[in-house]
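Laboratory data are not the source of any read-out in this text; all were calculated from the coordinates shown. Being a predicted model, the structure only gives us computed values, none of them experimental. For neighbour counting, all protein chains shown are included, and Cβ atoms are generated from backbone atoms with ideal geometry for every residue, glycine included.
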Amino acid sequence: MEREYYKKLRWEIILTILAFSVIPLLILGAVIYYQFNQSYYTKIMEDMKSMAENHSSSIDLFLDERISQLNSLAHTIPLEKLRDEAYLEKVFNIIQARSRSFLDLGIIDQEGSQLAYVGPYYALMKSANYKDEDWFHAVMSTGVYVSDVFLGFRKSPHFIIAVMVREGSRSWILRATIDSDIIENIVRAAWVGKMGDAFIIDSEDILQTKPRFGGAVLQPALAPDFSKATVPQAEEIAVNGDQGLFAVGIIKLKKWVLVIREDPRDQFTPLLRTRSLMVLIALGGVALISIGAVLSTRSMMNEMINMERQKAASEEMALQESKMAALGKMAAGIAHEINNPLAVIGEKAGWIKDLLKMADVSKNENFQEIAAAVNKIEYHINRARTVTHRLLGFARQMEPVTEILNINTVLEESVAFLENEARYRNIDIQADYALELPMTASDTGQLQQVFLNILNNAIDAIGKDGEIHLKTRHLAKNNEIGIEISDSGPGIPKEMLNKIFDPFFTTKEVGKGTGLGLSISYSIMEKLGGRIMVASEEDKGTTFTIYSPVR
Amino acid sequence: MEKFKVLIVDDELDFLETIVKRLRARNIEVSGVESGYLALEALDSSSPDVIILDVKMPGMDGIETLREIKKKKPLTEVIMLTGHASVESGIQGMQLGAFDYLMKPVALDELLEKVRQAYERKLIQEGQGSH
């Protein structure tokens with residue numbers, strides 16, 4: 001029951017320590033991670049957005065440059081000169097030398113007829129008429145036109161830029177075909193990492209450049225529809241269960257939209273690494289705290305159990321002492337009450353003996369009988385006297401007194417108490433007392449209690465039929481007296497040997513031993529400046545050696 | 001006949017009578033009284049050399065009687081005799097000048113030996129006093 005209580009208490013303490021240290025740790029970790037995650041996510045999105053903006057403005061810049069080039073060309077050179085195809089070719093060569101993106105140049109009058117053409121499809125284009133084309137009407141009304149990407153005769157993606165010039169009452173158009181390569185290259189620069197993608201869509205969500213993964217030019221884009229976007233933005237969108245990070249930039253000159261797509265796995269790798277590291281650190285922390293909690297609780301509990309045991313032992317010892325004191329008082333009273341009548345009987349018997357010595361009595365025929373009876377009476381008075389004197393001695397020993405004593409005598413007296421019990425159980429007590437044992441100042445009663453405890457244990461250990469050897473010797477080295485009490489009992493198992501001096505440790509049946517005898521003996525010897533050692537071998541017996549200082 | 005006079009003080013009459021008889025049978029000049037008061041009277045009237053004094057008596061107990069005896073005649077030797085073995089009363093008796101302290105029951109020869117020793121000490125001390 002007590003063990004259960006300590007177990008419960010122990011778990012309560014451990015759990016409390018864990019709760020109060022692990023919960024804040026986890027909260028701290030979670031908050032830091034959440035904040036880090038947020039700012040990291042925001043930063044990535046911002047980066048993507050600005051990349052989209054940068055690239056779309058590059059494209060804007062490119063288109064703007066081409067338009068300016070055409071505009072300045074158209075406005076500085078009169079139509080009459082440009083109509084001359086030889087001259088136009090010269091001009092084409094000059095601008096192509098600066099920018100390879102021009103594929104051809106054409107001059108178109110206000111009726112849509114091609115007036116002059118320089119480029120690879122001369123035969124096809126020479127007589128072309130554009131008056132029914134949408135772009136023709138658009139350029140005629142707005143002055144500048146940039147087409148969507150188309151494949152045309154060339155079967156490679158390109159687009160046209162056309163500018164209209166008014167000269168007096170008539171207008172004409174300078175039209176140039178631009179290779180998409182340049183734009184593709186700008187877009188391709190936004191393919192980030194292993195999974196990043198970037199492409200341009202028109203206002204109908206039709207691809208204007210070839211994406212890195214899936215889809216082809218002039219096909220509908222396979223990404224979420226951003227064609228209606230009007231401002232740069234960035235967001236995370238799931239496509240077919242796959243998370244993707246998307247950023248868009250607006251190409252203002254052509255209402256195109258640049259879409260950048262990135263894989264979160266690419267982008268969030270550092271974040272994921274940080275998360276794993278945090279989880280690892282948190283787990284390590286929890287493990288450390290747990291170990292610390294368990295260890296500190298264990299030592300605390302041990303300390304507590306020890307204290308409790310010591311307390312119980314000292315209480316038990318005090319009780320034992322008061323019991324012995326009461327017993328001593330009673331023994332003294334009984335001895336006294338018996339001694340007085342015993343003294344009278346003794347005197348009377350002595351008087352009879354005195355009378356028997358008189359000459360006339362010795363002639364009586366019963367003289368021998370009377371003499372024998374009186375002798376018997378004296379013998380038994382003596383016997384009773386031994387008992388009462390021993391009782392009184394016992395009573396006196398209950399009071400702690402330091403006196404000069406001979407340990408052999410004390411041991412002999414202790415053995416005398418148990419001689420009957422030993423004889424009864426056929427246990428032979430053999431004494432080997434050192435003859436020249438120095439006298440020492442100690443407490444007879446306390447020493448006797450120690451000897452009695454150990455002798456009692458020896459008798460109990462043997463049970464029946466065995467031997468107890470007593471040996472005293474003076475150990476000059478430490479100037480102490482060693483008292484060996486060996487029994488031929490079953491011995492003490494090794495694992496129990498270091499527990500036998502613990503309070504409440506007992507191998508006797510419940511109710512037979514308090515488990516305090518050796519513990520009390522141990523503390524008595526400590527108090528008297530000595531110690532007790534034990535050596536035991538299973539099936540051979542146990543030897544207690546008591547050391548008492550010579551003082 | 002030995003030269004010393006003995007007084008025995010004990011409230012246990014059976015004991016007192018018998019021991020007086022036995023000592024007289026050994027030609028010792030002995031008298032017995034049964035209380036401390038009577039002992040003090042006898043001290044005046046017969047001035048014994050050695051007094052055998054029971055510690056535990058009703059009325060005036062052994063220790064008190066001893067104190068009075070030592071006050072009146074300090075050279076009188078006293079042997080304390082008791083059925084009780086209280087160390088304190090023994091030590092107290094010795095401190096008050098008792099010659100020795102014996103426990104009942106005691107063999108008569110042993111007692112007599114003590115009485116002789118006590119008387120010897122008395123003689124020595126008287127000798128020193130007369131110088």
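With an 8 Å Cα cut-off and a minimum separation of 6 or more residues, compute the relative contact order for segment A:209-291 in percent. Show your work: numbers first, answer last.
Numbers: 75 pairs, mean separation 13.7, N = 83.
Relative contact order, segment A:209-291: 17 percent.
Treating r as the C-beta distance of A:GLU46 and A:SER72 and R0 as 41 Å, the FRET efficiency rounds to 0.60. The dipole here belongs to segment A:229-356: it is taken about the Cα centre, uses +1 on the Cβ of Lys and Arg and -1 on the Cβ of Asp and Glu, and is about 660 debye. With the cut-off at 1.5 for a/c, could you classify chain B from its C-alpha gyration tensor as rounded, prolate or oblate? Rounded, since a/c falls under 1.5. Distance from the Cα centre of segment A:281-317 to that of segment A:181-213, in angstrom? Cα centres, segment A:281-317 to segment A:181-213: 67 Å.
Please give the net charge around A:ALA431, taking every other residue with its beta carbon less than 10 angstrom from that of A:ALA431, where Lys and Arg add +1 and Asp and Glu add -1. Intermediate results must be reported in sequence, preceding the final value.
Working: positive: A:LYS471; negative: A:GLU412, A:ASP432.
After counting each charged neighbour, the total is -1.
Computed 3J(HN,Hα) for segment A:475-486, one whole-Hz value per residue from the Karplus formula 6.51 cos²θ - 1.76 cosθ + 1.60 where θ = phi - 60°, is 9, 5, 4, 9, 6, 9, 10, x, 10, 9, 10, 10, glycine and proline marked x. The charge dipole of segment A:93-247, taken about its Cα centre with unit charges on the Cβ of Lys, Arg, Asp and Glu (plus for the first two, minus for the last two), comes to roughly 640 debye. Distances between placed amide hydrogens fall under 5 Å for A:ILE429 paired with A:ILE468, all partners being 5 or more residues away or on another chain. Comparing A:VAL550, A:LEU105, A:PHE36 along the charge dipole axis of the protein assembly as shown, the residue lying farthest to the positive side is A:LEU105, per the Cβ-charge model.
Tell me whether segment A:444-489 comes out rounded, prolate or oblate; compute the Cα gyration tensor, take square roots of the eigenvalues as a ≥ b ≥ c, and use a/c under 1.5 as the rounded threshold.
Details: a/c = 3.94, a/b = 1.68, b/c = 2.34.
Here segment A:444-489 falls in the oblate category.
Sequence-ordered 3J(HN,Hα) estimates for segment A:370-386 from the Karplus curve with 6.51, -1.76 and 1.60 and θ = phi - 60° stand at 4, 4, 5, 4, 5, 4, 4, 4, 4, 4, 6, 4, 4, 5, 5, 5, 4 Hz, glycine and proline given as x.
Once backbone amide H atoms are built at 1.01 Å from N, B:MET57 has B:GLY62 as its partners under 5 Å, excluding neighbours fewer than 5 places away on the same chain. Exposure proxy ranking for A:HIS474, A:HIS55, based on other Cβ atoms within 10 angstrom of each Cβ and starting from the fewest, stands as A:HIS474, A:HIS55. Loop-resident GluC sites (Glu not before Pro) (DSSP state other than H, G, I, E or B) in segment A:414-456 with no more than 11 further Cβ atoms inside 10 Å of their Cβ: A:GLU436. Amide H contacts under 5 Å for A:ARG212: A:ALA198, restricted to partners 5 or more places along the chain or on a different chain, H placed in the peptide plane at 1.01 Å from N. Separation of segment A:1-40 from segment A:405-464 is 60 Å, based on Cα centroids.
With the contact rule set at Cα under 8 Å and sequence spacing of 6 or more, what percent relative contact order holds for segment B:1-120? Each step should come with its number before you reach the end.
Details: 197 pairs, mean separation 26.6, N = 120.
Contact order relative to length: 22 percent.
What is segment A:64-149's relative contact order, in percent, from Cα pairs under 8 angstrom and six or more apart in sequence?
Numbers: 74 pairs, mean separation 16.4, N = 86.
Averaging sequence separation for qualifying contacts and normalising by length gives 19 percent for segment A:64-149.
Selection among A:TYR145, A:MET301, A:ALA229 by position relative to the dipole of chain A gives A:TYR145 as farthest towards the positive end (Cβ unit charges, Cα centre).
The string of couplings for segment B:38-53 from the Karplus curve (6.51, -1.76, 1.60, θ = phi - 60°) is 5, 5, 5, 4, 4, 4, 5, 6, 10, 5, x, 7, 10, 10, 9, 10 Hz, one whole number per residue in order, with x for Gly and Pro.
If you place +1 on the Cβ of every Lys and Arg and -1 on the Cβ of every Asp and Glu, how big does the dipole about the Cα centre of chain A come out, in debye to the nearest 20? Working shown, then result.
Numbers: 59 positive and 70 negative charges, 88 e Å.
Charge dipole, chain A, about its Cα centre: 420 debye, nearest 20.
Each part reduced to its alpha carbon centroid, segment B:29-102 and segment A:95-158 end up 156 Å apart. Summing charges over neighbours of A:ASN382, with a neighbour being any other residue whose Cβ is under 15 Å away from its Cβ, gives +3 when K and R count +1 and D and E count -1. Take the Cβ atoms of A:PHE505 and A:TYR433, set R0 to 25 Å, and the FRET efficiency comes out at 0.25.
Within 10 Å of each Cβ in B:8-18, how many Cβ atoms from other chains are there, averaged over the peptide?
Numbers: counts 0, 0, 3, 1, 5, 1, 7, 8, 2, 4, 11.
The mean count of partner-chain Cβ atoms within 10 Å per residue comes to 4.
To the nearest ten degrees, helix A:517-527 and the longest principal axis of the Cα atoms of chain A are 90 degrees apart.
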